[in-house]
Amino acid sequence: MNFITKKLFKGAALILVTLFLIIGGYQLLKNPAKNQNELVAGMFVWTPFMSVKPDGSYEGFDVDVAQELATRMGKKLVIKDLGSLASLFIALEQGKIDMLFSGLDITQQRMAKMSMIPYTGQAADYCLMFWNTVPESITTIQDLKTYSSAVVCVEPGVSTEKFIDQLPYITKKSLSSKTDMLLDLQYGKSLAAFIEINMAKRLQQKNPQLKILSVPLPPEFQIYGMGIAVQKNNQTLTDQTARIIQEMKQDGTIKRFETKWQLEG
């Protein structure tokens, strides 16, 4: 190898090393190494799971559960309010958060994509919720075929919305606020609301005008309580979280938080 060839070889090697360093530094800035002493929990504002106090701090059922988890893991809790469920899913996939809260329904579709640790709620039954009376001609959801363009309000982004999307005889109205749903029913803007039956019963306690018609769902749309989502490949965190949640159930901690934030029933 002559002198010029050696110089060219060394120059090329130096360029490659520099490129590797630049790329590595960029990746480090893009995906900074996690602080192993922190538990990063993603949430968004949804009372009673998480809300923002006047001083800017967070409170709610999920905040209490996440704080207890972090304490028992010996870590500092860091909450990231990402504003929406879609943003939370992306952050979890990219590893920007360790786990995802916000009263997330456990469904077959979600369990195929991520690990889900049940922490509150039970397998849910669903219902059509009416104002004042259930029309005599309606005994199943299929009977809405007899109503021209029946308008049914439903919470966006949940499996029940996808179920309604399969029924072409129903005109769907997406409403994220339960208060908006009640007003929609009261003033006749929607014929019914499609909602989890335990939630409907809680609303019915304060609004006896509400009437409920049970609607069974097929397995692919069924909800099996609420879960904490963790990346599918993070078996260590999944096992640790499941173990601590089980301890919290056995020692009454979860029950205490449910009572505090009125999640029972």
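Can we say Ala12 is at pLDDT 85 or above, outside the structural domain of Thr160 (by TED's automatic domain parsing), in a helix (DSSP H, G or I) and of a type in the set (Gly, Ala, Ser)? It would help to see each step written out before you state the result.
On the way: at pLDDT 85 or above: no; outside the structural domain of Thr160 (by TED's automatic domain parsing): yes; in a helix (DSSP H, G or I): yes; of a type in the set (Gly, Ala, Ser): yes.
So Ala12 does not fit the description; no.
Take Lys189 and decide whether it is in a loop (DSSP other than H, G, I, E, B), at pLDDT 90 or above, of a type in the set (D, E, K, R) and over 15 Å from Val134 (Cβ atoms).
In short, yes.
Which of the following residues is modelled with pLDDT of 95 or more and either closer than 21 Å to Arg243 by Cβ or outside any strand (DSSP E or B) (or both): Pro48, Pro118? It would help to see each step written out before you state the result.
Values: Pro48 fails: modelled with pLDDT of 95 or more.
Unique residue meeting the criteria: Pro118.
Under the condition of being of a type in the set (S, T, N, Q) and not in a helix (DSSP H, G or I), which residue from segment 86-114 is farthest from Lys162 (Cα to Cα)? Explain how you work it out, then say what you get.
In the first step, residues of segment 86-114 are kept if they are of a type in the set (S, T, N, Q); the result is 87, 94, 102, 107-109.
Next, only the ones that are not in a helix (DSSP H, G or I) stay: 94, 102, 107.
Details: Gln94: 25, Ser102: 19, Thr107: 12 Å.
Ranking the qualifying residues of segment 86-114, first place goes to Gln94.
So in segment 129-157, with the set limited to residues that are touching a residue at least 60 places away in the same chain (Cβ under 8 Å) and within 24 Å of the chain's Cα centre (by Cα), which one is surrounded by the most Cβ atoms within 10 Å (Cβ to Cβ)?
Filtering first and then ranking leaves Met129.
Tell me which of these Lys172 doesn't satisfy, since it passes every other one: (1) within 24 Å of Ala66 (Cα to Cα); (2) assigned to a strand (DSSP E or B); (3) touching a helix residue (DSSP H, G or I) at 6+ places or on another chain (Cβ under 6 Å); (4) not aromatic (Phe, Trp, Tyr).
The number of the failed condition is (1).
Tell me which residues, restricted to segment 131-150, are assigned to a strand (DSSP E or B) and either in contact with a Gly (Cβ under 6 Å, 6 or more places away or on another chain) or closer than 22 Å to Pro208 by Cα (or both).
Passing the criteria: only Trp131.
May I ask you to list the residues in segment 186-214 that are under 30 Å from Ala112 (Cβ atoms) and exposed (fewer than 14 other Cβ atoms within 10 Å of the Cβ)?
Ser214
Going by the structure shown, is Ala86 closer than 29 Å to Gln235 by Cβ, more than 15 Å from the chain's Cα centre (by Cα) and small (Gly, Ala, Ser)?
When the stated conditions are applied, Ala86 does not pass them.
Here is a list: Leu183, Leu217. Which entry is more than 21 Å from the chain's Cα centre (by Cα), hydrophobic (A, V, I, L, M, F, W, C) and surrounded by fewer than 19 Cβ atoms within 10 Å (Cβ to Cβ)?
Leu183
The values are calculated or read from the model by the stated rules, or taken from the named source; none is laboratory data. Everything quoted here is computed from the prediction, not taken from an experiment. Note that we place each Cβ from the backbone using ideal geometry, even for glycine, and neighbour counts take in every protein chain shown.
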